[in-house]
1. How about region 207-224: which of its residues are among the aromatic types (F, W, Y) and over 17 Å from T269 (Cα atoms)?
2. Going by the conditions given, is T106 closer than 24 Å to Q221 by Cα and either surrounded by 19 or more Cβ atoms within 10 Å (Cβ to Cβ) or touching a helix residue (DSSP H, G or I) at 6+ places or on another chain (Cβ under 8 Å) (or both)?
3. So which of T142, T98 is surrounded by fewer than 17 Cβ atoms within 10 Å (Cβ to Cβ), of a type in the set (S, T, N, Q) and over 30 Å from A292 (Cα atoms)?
4. Report yes if L113 is touching a residue at least 60 places away in the same chain (Cβ under 8 Å) and under 18 Å from V208 (Cα atoms), otherwise no.
5. Spot the failing condition for A302; the list is (1) surrounded by fewer than 20 Cβ atoms within 10 Å (Cβ to Cβ); (2) assigned to a helix (DSSP H, G or I), and only one is missed.
6. Among the residues of region 330-346, how many are aliphatic (A, V, I, L, M) and either at pLDDT below 95 or open to solvent by 10 Å² or more (accessible area, probe 1.4 Å) (or both)?
7. Quick check on my filter: what residues within region 87-134 are under 16 Å from A275 (Cβ atoms) and part of a loop (DSSP other than H, G, I, E, B)?
8. Under the condition of being more than 13 Å from the chain's Cα centre (by Cα) and without any contact (Cβ under 8 Å) to a residue 60 or more places away in the chain, which residue from region 347-371 is surrounded by the most Cβ atoms within 10 Å (Cβ to Cβ)?
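The values are calculated or read from the model by the stated rules, or taken from the named source; none is laboratory data. Because the structure is a prediction, the values reported are computed rather than measured. Methodologically, a virtual Cβ is constructed for each residue, glycine included, from the backbone with ideal geometry; neighbour enumeration extends over all protein chains shown. Only protein heavy atoms, including side chains, enter the accessible area calculation; ligands, DNA and RNA are left aside. Shrake-Rupley method; radii C 1.70, N 1.55, O 1.52, S 1.80 Å.
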Amino acid sequence: MKSVQRKVLYPALAVAFSSTLAFSATAQALPAGSSSGVTLPFGSTGSYGEGTDDPSYAAVAHRIGAVLAERGIPGAQVIYADNSTERAFNYGVSSVATGDPVSSRTVFEAASLTKVVAAYVVLQLVDEGVLDLDRPLSEYFTYPRIAADPAADRITARMVLTHTSGLPNWATGPSSPEFESTPVHTVFEPGTQWSYSGEGFYYLQKTVESLTGTPFDRLLQERVFDRFAMADSDLVTDPAFEAVTAVGHTADGSPKPVRNFPRANIAYTLRTTAADYNRFIRGALLGGVGLAPTTRDMMFDAAGSADHGGVDREATDHIDWGLGIGLQRNELGDAVWHWGDNGPFKAFFIAYPDTGRSLVLMTDSESGLTAVDDLVHEFFGPGTVYATRWIAEAE
């Protein structure tokens, strides 16, 4: 799909815990210091960006706020986009302890949405001949953590990206001091079945870093963040974002300590904003920027069933896995999607390549994914969200 020039609308919605609604303009919407200074249809007064005086927009904002409040989600960012417009909503607070409002610049843990960005970089290296998807990674890099498992020598990049590597999700806590020295073993013959694996992605990360001689956080900076103007994103914690970093919350609304990620891990350490991630989706996934057209298309080709053994067979039958990305078939057509779960941070995106429609959700709540179905229905209309049914049994 060719990238599209579009009129960008960046209004922002802030919803306080009292359920009072107010808009504030993002930097993209209005010049600094400017304001439309109008009264919104539901009674709150605020300033907001171009195009947001449409009553239908205010109604959507109100419904989104109601959904998130009902689920007890302290703070969130939501962006819907298609080939002609974008609408951004900022909700609630970045921490219940401070009451600081979520803005378009608030940074959230994106969790496993990191894997999709990493897969894009890996596929660039495939295009450049640096990496072969079907050559065993052991032929490129000797990984001490799998040395005791001969079966792991057969793992390829394609297996990692499609979660068929045979490695477990984690052999030990990936942020723990002992992670780098903990052996990891396959739990089934590589390439024979589907099982979600963060360890596989970390093995791929170490292989790519060995091949390129470049840390993965720098690869992301050069190949993703700089390319798509993602100024509010990092893979290794950037102290410059400290003042705008969201705090994660448990399901009962209790704030958790802010985590730092001094070690890059392409399975989960991306921190970003919905606006930045939306730019990645629009440019890299839907626009195909930076990839050969055949490679972008291959990313969305089903590698097989993503059968995780759940009892909801209807959901499983509608979910496959591509190269680093989930695939869903429903009444609206074929979609690409992924979810993120770092405990007190949940994230989700879905996009329809054939129509150019997409949705991004970042939340600072353990309950964040409970809002996905309602938000998808709000912007896409009726349709079965098989992805969330599948996730419910995957977790």
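1. none
2. Values: closer than 24 Å to Q221 by Cα: yes; either surrounded by 19 or more Cβ atoms within 10 Å (Cβ to Cβ) or touching a helix residue (DSSP H, G or I) at 6+ places or on another chain (Cβ under 8 Å) (or both): yes.
Yes.
3. T98
4. So L113 fails the test.
5. In the conditions (1) surrounded by fewer than 20 Cβ atoms within 10 Å (Cβ to Cβ); (2) assigned to a helix (DSSP H, G or I), A302 misses (2) alone.
6. Kept after step one, since they are aliphatic (A, V, I, L, M), are these residues of region 330-346: 332, 335-336.
Those still in the list that are either at pLDDT below 95 or open to solvent by 10 Å² or more (accessible area, probe 1.4 Å) (or both) too: 332.
Number satisfying all stated conditions: 1.
7. Within region 87-134, S94, V102, S103, S104, R105, T106, A110 qualify.
8. Selected residue: Y352.
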